[in-house]
Each structure stands twice: as structure tokens, then as C-alpha cells.
Amino acid sequence: MSETIFSKIIKREIPADIIYEDDLCLSFKDINPQAPFHALVIPKKPIEKVSAAVQEDKHLLGHLLLKAGEIAADQGYEDNFRLVINNGEGAGQTVFHLHVHILAGRPLGWPPG
Ligand code: AMP
């Protein structure tokens, strides 16, 4: 997988507002927030998108979701938040390093558009 802006954030080559880190993942505020709270959770392993994940990533993918819920709760949004993963250009993915969006702090309509 080629270098992305997110791999540069992992390596601290470019700045980000980091709110959580462990050995498997990193979470930081989205630079263009779509809700009062908008953060991303990314695996440190460079996986391009969900559809590029493999069986051995099962634990890692579960970890990202669990951490996303914990991060939302830590920010005061225990019950009302949305997790979004855009997979592929046609679905709105612009950075090709897997990431979970956490959105909270305003009413979230459906369908998402
Ligand atoms: P997606 O469209 O699902 O690929 O989401 C990519 C997200 O990354 C967008 O919400 C961008 O605002 C966000 N983003 C891009 N560059 C940065 C950055 N340097 N720091 C934080 N968020 C970023």
C-alpha cells in the first residue's frame, strides 16, 4: 500500500489532534469536522479499505470498533454517535488507509446521503 496522509500522521511526520493511541490504532480529530465531535480511528497497520482486509485482520477490525465506542463515550457521547466507514471512491473514500469516522453532537439523519 502506498504512503497516505494517515501513515504520515502515524509516523508524526505531519501534525494531528491525537486523542487516543495504543499499539494497534490511532485516533485523531477530523480536519474537516462534519459534526461537533468528528474523529477518525485508524489501524496502524496500513490496510487500504475494509474490502482489502483479510482474515488475519479480524481482531484488529473488532478492536477499531470497540475503541471507537470507548472514544465516543470518553468524549461524552456514550449513547448517541455514528460510526461510518467509506469503502472505495464511489462510496466517498478519499484517503486510502482504512478509517472509522466517529460522528456525534448533533442529530444524525438517515439515509446518510
Ligand atoms: P473519507 O472521505 O472517508 O476517506 O474520509 C477522509 C477523512 O479524512 C475526511 O473526513 C477528511 O476531512 C479527513 N482528513 C484528511 N486529511 C486529514 C488530516 N490531515 N487530519 C485529519 N483529518 C484529515
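Bear in mind these aren't lab numbers, they're just calculated from the coordinates by the rules spelled out. Please read these numbers as outputs of a predicted model, since none were measured by experiment. Here the Cβ is made from the backbone with ideal geometry for all residues, glycine too, and neighbour counts use every protein chain on show.
Annotations for the structure displayed:
- Of the residues in the range 78-96, at least one is out of contact with any strand residue (DSSP E or B) (no Cβ under 8 Å at 6 or more places or on another chain) and over 27 Å from S2 (Cβ atoms).
- Count of the range 23-53 residues which are more than 14 Å from the ligand (Cβ to nearest atom) and small (G, A, S): 1
- Of residues in the range 88-113 being touching a residue at least 24 places away in the same chain (Cβ under 8 Å) and surrounded by fewer than 15 Cβ atoms within 10 Å (Cβ to Cβ), the one nearest to Y20 (Cα to Cα): R106
- Restricting the first member to the range 11-22 and to residues that are away from the ligand (no atom under 11 Å from the Cβ), and the second to residues that are charged (D, E, K, R), the beta-carbon pairs closer than 7 Å and six or more apart or on different chains are I19/K29; Y20/K67.
- Selected residue [out of contact with any Pro (no Cβ under 9 Å at 6 or more places or on another chain) and over 29 Å from P111 (Cβ atoms)] from H38, H59: H59
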